[in-house]
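To start, the structure itself, in structure tokens.
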Amino acid sequence: MSFNTYGHVFRVTTWGESHGPALGATVDGCPPGVALSEADLQVWLDRRKPGQNRFTTQRREADAVEILSGIFEGVTTGTPIQLMIRNTDQRSKDYGDIAEKFRPGHADITYWQKYGIRDYRGGGRSSARETAARVAAGGVARAALAQLVPGLSITGYMVAMGEKDIDRSRFDWDEIGRNPFWTPDAEAAEAWAGYLDGLRKSGSSVGALIELSIRGCPAGLGAPVYGKLDTDLAAACMSINAVKGVEIGEGMAAARLTGEANADEISMGPDGPVFSSNHAGGILGGISTGQEIVVRFAVKPTSSILTPRKTITRSGEATEIVTKGRHDPCVGIRAVPVAEAMAAAVIMDHLLLDRAQTGGQRGLIGG
């Protein structure tokens, strides 16, 4: 078992390394007849690609996606869709100093302990460069969802950088795409710019808190016990590089609430059930309620910093290390489009799972 594949029916296998000739994804299980082109995928990759501003790694990659199979006359055929993104701006020499050293906070040491071999050039398979393939695959999921569930939207945004939070009273959906931090608070974006500039120039980094909003998701996706929608969403987010915690809805804060405060009361509206609140984050018993699904996750600070850190060599000798190369001072910024892509793949997978099990059958309320 290689563990490079996720999904049950809509299955994605990613491949490639940070400093290899290319990376990509094989998407299997996409329904036939979905209109899809390279341009449909490129729009999402352009949101993730490096070097777009001073707040992300200055590695210059076009991240131009190529579709090698699974499309005929502009639509999916139902066969595997092969996606490829060529690497064009590797600087492997930047990593020569760490060939015999383990970087603190990185997967170097665990990869070596598990496999006895590691690609030290930019982290190889453990590099966040791999997430470009996920975004391309997520674009396929988005195209299918746009056709099957036209009203569904998936939006990610940053709600905290380090200890600096947004002011939710200034939350503006339109602001999210206007600033480099994907944040809905324009004033926070302005303050964060100066804060991150200081960290970047000092060679340090900072973590972030990202929120995902999935609106228009139909009720009934997911299954009890081992097929929970929130389980797969949490796993998808947790699989993203540098993510160290995930919560759904009220999340950890629910532990501080009483039962009366946490329960989302239900009434009957003209078009079906109406909930008085959404502490559950749009999922109950692993099944979507039809409300907004809210997922939140924490991204740790980038471990590649210029401050010397104590470590050991492969032979066990004590040493210090400074990580050279081009790195994100806040990796949470580019985690936003990656999380959106992962959520799209999970929702698409559960839509197909539900069709396979229930055929779209639903229990009537008030009928």
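The values are calculated or read from the model by the stated rules, or taken from the named source; none is laboratory data. Just so it is clear, the structure is predicted and the values come from calculations on it, not from any experiment. Because the Cβ atoms are built from the backbone with ideal geometry, glycine has one as well, and the counts that use them run over all protein chains shown. The area values use the complete protein model at the heavy-atom level, side chains included, leaving out ligands, DNA and RNA. Shrake-Rupley method; radii C 1.70, N 1.55, O 1.52, S 1.80 Å.
The smallest convex shape that holds all Cα atoms of the chain, its convex hull, gives 157 Å³ per residue. Other residues within the sphere of radius under 15 Å centred on the Cβ of Gly245, judged by their own Cβ, net out at -1 (K and R +1, D and E -1).
Secondary-structure-derived ellipticity at 222 nm for the chain, considering helices only, amounts to -8500 deg cm²/dmol, per-run term -39500 (n - 2.57) for DSSP H runs with n ≥ 4. The residue among Gly162, Gly245, Ala219 whose Cα reaches farthest toward the positive pole of the charge dipole of segment 159-251, with charges on the beta-carbon of Lys, Arg, Asp and Glu, is Gly245. Heavy-atom accessible surface of segment 168-236, averaged per residue, reaches 45 Å², computed with a 1.4 Å probe.
Just report the Cα centroid separation between segment 296-333 and segment 341-367, whole Å. About 41 Å separates the Cα centre of segment 296-333 from the one of segment 341-367.
Average 1/r across all pairs of distinct alpha carbons in segment 65-218, invert it, and you get the Kirkwood radius: 19.3 Å.
A simple packing score, the average count of other Cβ atoms within 10 Å per residue, orders the peptides 159-169, 279-289, 307-317 as 279-289, 159-169, 307-317, with the highest score first.
Does segment 172-324 classify as rounded, prolate or oblate by the C-alpha gyration tensor (a ≥ b ≥ c root eigenvalues; a/c under 1.5 gives rounded; else a/b over b/c gives prolate, otherwise oblate)? Cα axes put segment 172-324 in the prolate bin. Pairing the Cα long axis of helix 186-202 with the longest principal axis of the chain, what angle in degrees results, from 0 to 90 and rounded to the nearest 10? Helix 186-202 and the main axis of the chain meet at about 20 degrees.
Solvent-accessible area of Glu190, all protein chains in place: 140 Å² (probe radius 1.4 Å, heavy atoms, ligands and nucleic acids excluded).
Pairs of Lys residues in the chain are counted when their Cα atoms are under 21 angstrom apart and they lie 8 or more places apart or on different chains; the count is 18. Projected over every direction and averaged, the convex hull enclosing the alpha-carbon atoms of segment 258-367 yields 13.2 nm². Among rounded, prolate and oblate, which fits segment 318-367 when a ≥ b ≥ c are the square roots of the eigenvalues of its C-alpha gyration tensor, a/c under 1.5 means rounded, and a/b larger than b/c means prolate? The shape class here is prolate.
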